[in-house]
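Trainee: Here it is, the structure in full.
The values are calculated or read from the model by the stated rules, or taken from the named source; none is laboratory data. Worth saying up front: this structure is predicted, and the values here are computed from it rather than measured. We place every Cβ from the backbone using ideal geometry, glycine too, and count neighbours over all the protein chains shown.
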Ligand code: NAP
């Protein structure tokens with residue numbers, strides 16, 4: 001472990017950089033020092049640079065930023081189709097990498113990227129899946145692993161989202177053009193895939209239906225998938241971005257000795273033997289926790305939870321749901 005902070009460059013300066021990464025990095029204190037920021041436009045780079053209490057160099061030329069030898073690591077928050085190329089270029093430049101989820105736009109892209117990483121394993125590469133560092137899902141996974149609901153039998157998760165101009169993410173056009181599979185469903189779905197896999201293990205097969213209701217939400221905006229876990233548990237995951245409802249999304253997991261319900265992303269209700277406990281999970285920044293783990297890995301070489309392999313399995317589960325929906329077939333999620 002060195003006393004020196006990780007010298008970090010931000011590659012991307014959009015909504016999630018401003019809303020989540022910058023506050024988390026500012027809260028992390030002296031483990032990480034942000035020294036540079038890249039964006040496609042000078043305006044976005046300047047806006048993010050100004051959010052730090054010290055001077056941060058700005059770039060609109062990624063190669064010029066990557067050529068700086070005094071930068072140890074990069075934090076990539078680009079549109080999904082641009083992530084693989086940016087990860088490759090950063091690894092070639094000898095940087096440690098944390099790149100936002102999803103790991104890649106598809107399993108094929110993800111596998112190619114993982115092969116490429118094979119020659120750069122001396123560098124840390126974290127796929128920033130913050131839900132793996134979310135205290136709520138970690139607590140739920142621990143309760144299930146401890147047998148508090150018995151053997152899991154079934155889970156259901158339904159979400160209804162109005163994705164229109166009132167939502168800031170609607171204005172990121174790249175999510176709606178159909179350039180990558182699933183659009184918003186892949187973008188948000190990998191979080192759900194990560195959470196389900198943490199709590200219930202791997203999914204053996206998937207069937208389902210999908211459709212595009214809104215012409216402006218390409219290539220698909222609505223999916224209803226049935227899941228069969230390797231454990232034998234069954235599940236249903238449904239989401240639409242084409243129609244909203246005022247209710248908090250609820251995830252129910254029922255076992256042969258109890259059940260748990262997650263709603264509002266801060267509370268777990270655990271019921272067993274006629275007693276129901278409400279477990280209030282402390283609000284903590286999962287993005288801060290993952291970036292803390294990234295810095296720790298860079299400084300010490302110790303492992304973190306967000307490996308590219310885990311990220312690829314999250315993409316594989318979502319890709320299986322999307323394929324099943326397109327083809328009306330039963331699909332086995334790709335393995336590593
Ligand atoms: P965004 O607001 O669209 O920002 C994307 C960044 O990439 C900006 O710096 C933007 O530059 C640049 N960019 C946009 N289009 C580009 C293009 N065609 N060529 C080159 N650069 C381009 O995106 P975001 O919503 O912050 O999402 C960024 C990443 O974070 C995605 O991978 C997303 O999945 C992830 N994310 C994660 C979470 C989470 O909960 N973990 C939540 C939201 C997003 P300019 O502004 O200069 O044009």
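Trainee: May I ask you to say which residue of 128, 90 is under 20 Å from residue 304 (Cβ atoms), near the ligand (Cβ under 10 Å from one of its atoms) and touching a helix residue (DSSP H, G or I) at 6+ places or on another chain (Cβ under 9 Å)?
Mentor: Values: 90 fails: near the ligand (Cβ under 10 Å from one of its atoms).
None of the other options fit; the residue is 128.
Trainee: Could you check region 44-54 and list, in sequence order, the residues that are exposed (fewer than 14 other Cβ atoms within 10 Å of the Cβ) and farther than 26 Å from residue 300 by Cβ?
Mentor: Taking region 44-54 as the starting set, the residues that turn out to be exposed (fewer than 14 other Cβ atoms within 10 Å of the Cβ) are 50, 53-54.
50, 53, listed by residue number.
Quick grid of which residues meet (1) within 16 Å of the ligand (Cβ to nearest atom); (2) in contact (Cβ under 8 Å) with a residue 60 or more places away in the chain; (3) buried (at least 20 other Cβ atoms within 10 Å of the Cβ):
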| residue | (1), (2), (3) |
| --- | --- |
| 6 | no, yes, yes |
| 9 | yes, yes, yes |
| 12 | yes, yes, yes |
| 21 | yes, yes, yes |
| 30 | no, no, no |
| 39 | yes, no, yes |
| 42 | yes, no, no |
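Trainee: OK, next. Given (1) within 14 Å of the ligand (Cβ to nearest atom); (2) closer than 23 Å to residue 123 by Cβ; (3) crowded, with 18+ Cβ neighbours inside 10 Å, where does residue 73 come up short, assuming only one miss?
Mentor: It is condition (1) that residue 73 fails.
Trainee: Please go through (1) away from the ligand (no atom under 16 Å from the Cβ); (2) under 30 Å from residue 221 (Cα atoms); (3) without any contact (Cβ under 8 Å) to a residue 24 or more places away in the chain for residue 121 and return the number of the only condition it doesn't satisfy.
Mentor: (2)
Trainee: Moving on. Taking only pairs six or more apart or across chains, which ones have beta-carbon atoms under 7 Å, a first residue in region 86-113 that is assigned by TED's automatic domain parsing to the domain that holds residue 185, and a second residue that is surrounded by fewer than 24 Cβ atoms within 10 Å (Cβ to Cβ) and part of a loop (DSSP other than H, G, I, E, B)?
Mentor: none
Trainee: Tell me the strands (runs of 3 or more DSSP E) entirely within region 189-251 that contain at least 2 residues that are farther than 21 Å from residue 333 by Cα. I'd like the intermediate steps shown before the answer.
Mentor: Details: elements: 203-211, 222-229, 234-240.
Hits in region 189-251: none.
Trainee: Still on this structure, please answer the following. Hey, among the residues in region 268-282 that are within 26 Å of the chain's Cα centre (by Cα) and without any contact (Cβ under 8 Å) to a residue 60 or more places away in the chain, which one's surrounded by the most Cβ atoms within 10 Å (Cβ to Cβ)?
Mentor: Only one residue tops the list, namely 269.
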